[in-house]
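Here's the structure we're looking at; comments come further down.
The numbers here are math on the coordinates, done by the rules we state, and not lab data. Note that this is a predicted model, so its numbers are computed, not measured. We place every Cβ from the backbone using ideal geometry, glycine too, and count neighbours over all the protein chains shown.
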Amino acid sequence: MNSREASDRILVVDDDDAYRTRLVRALRDRGLEVEGAASVAEAIEKLESFRPARAILDLRLGDGSGIELMKALLAIDPALECLVLTGYGSIATAVEAVRHGAIDYLTKPVDADEILLAFGARASSGAAPATPSVQVPSLHRVEWEHIQRVLADCGGNISEAARQLGMHRRTLQRKLATQPPGK
């Protein structure tokens, strides 16, 4: 296998079946050899059989953390380039991901072209970026994402989410009625 073929092998690890399937298909449409995995165990198994050069890892997986998975994958293959994706971005997790070996950290929604650009930026420079290339979100955006996360953790129960957030239910409903703020 030549180096071009090796760099075209990508492992996508995301427990959201619809997102993973779409991303795998989009990357295959761009001529890459791609495999998907829905869990930490499946990702480790695929790494050994598929031998990708790159991995796209969701930060929050059903059976573990994308950062812990990245550490395990890099222990098996230190040359693996890992990119971390998350729906709940923060500077702290971005720094932690890069500190543990990620070449970049992107906040969902992200498309195949943005992912390839992140991998390509490292390949063209020949070195890992000194700092993560995340944009600092506004305080309004961080609040909105936190509310969405708490609401999801409460199974969509607005009254319970309001209790956990320490706000009145109507205040929470007003915040939920707004569009998500820009990054």
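For the listed peptides 149-160, 48-59, 24-35, a ranking on the average number of other beta carbons within 10 Å per residue, highest first, reads 48-59, 24-35, 149-160.
Shape summary: region 3-125 maps onto an equivalent ellipsoid whose semi-axes, from the alpha-carbon gyration tensor, are 18, 16, 15 Å in decreasing order. Taking a sphere under 9 Å around the Cβ of VAL13 and counting the other residues whose Cβ falls inside, with K and R at +1 and D and E at -1, yields a net charge of -2. Straight-line cross-link partners of LYS108 among the aspartates and glutamates, defined as a Cα under 15 Å from its Cα and at least 8 positions apart when in the same chain: ASP14, ASP15, ASP16, ASP17, ASP58, GLU145. From the phi angles alone, apply the Karplus equation (6.51, -1.76, 1.60; θ = phi - 60°) to region 172-179 and give each ³J(HN,Hα) in whole Hz, x where the residue is Gly or Pro. Taking θ as phi minus 60°, the curve returns 4, 4, 4, 5, 6, 6, 7, 6 Hz for region 172-179.
Taking 7 Å steps out from each Cα toward its Cβ at SER49 and GLU68 produces label points 2.4 nm apart.
Among ARG99, ARG60, a tally of other beta-carbon atoms within 10 Å of each Cβ gives an order, fewest to most, of ARG99, ARG60. Between ARG99 and HIS146, what is the FRET efficiency for a Förster distance of 25 Å, r being their Cβ-Cβ separation, to the nearest 0.05? Efficiency at R0 = 25 Å is approximately 0.65. Taking label positions 7 Å along the Cα-Cβ direction at both ILE76 and ASP16, the computed distance is 2.4 nm, reported to one decimal. The dipole here belongs to region 48-99: it is taken about the Cα centre, uses +1 on the Cβ of Lys and Arg and -1 on the Cβ of Asp and Glu, and is about 120 debye.
Can you tell me the order of 102-108, 170-176 when each peptide is scored by its average per-residue count of other Cβ atoms within 10 angstrom, highest first?
On the way: 102-108: 22.4, 170-176: 13.3.
The packing order, highest mean first, is 102-108, 170-176.
If R0 equals 35 Å, the separation of the Cβ atoms of ARG30 and CYS154 corresponds to a calculated FRET efficiency of about 0.35.
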